[in-house]
């Protein structure tokens, strides 16, 4: 109680909050832990945010970029970087390459031998010959 009253009265130094020094050390440790994957993510983030700002969109942040690239191995990020750098529009190429639906190959549907194949539209209409009453 005495320490609090000294702080209020202004007679002593401000009390140090518990863990305040630890936060500064942890932020330094984060900067020391930089990885090549993080560097690649920052590179993509910088390039994409430049074009997003030009287009009037809000900038992306690192957690969003991490979620977007979570399934892509680091070595593939280097390939993605080279492909995007060679294209005219970095952002357009990036989003096309990252979208897995763009790379699915359409395989022909397998037809069961028991199911009849559907005929083309013009062949479906069967014309009957006129019946004779004999």
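Just so you know, all these numbers are worked out from the coordinates, no wet-lab data involved. Keep in mind it's a predicted model, so treat the numbers as computed, not measured. When we count neighbours, we look across all protein chains shown, and the Cβ atoms used for this are built from the backbone with ideal geometry, even at glycine.
Key figures for this structure:
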| quantity | calculated |
| --- | --- |
| Label zone at residue 103, where the point sits 7 Å out along the Cα-to-Cβ direction: the range 52-90 residues whose backbone N lies under 14 Å | 69-84 |
| Residue 74 versus residue 46: modelled label distance in nm, points set 7 Å from Cα along the beta carbon direction | 1.9 nm |
| Fewest-first ranking of 131, 52, using other Cβ atoms within 10 Å as the exposure measure | 131, 52 |
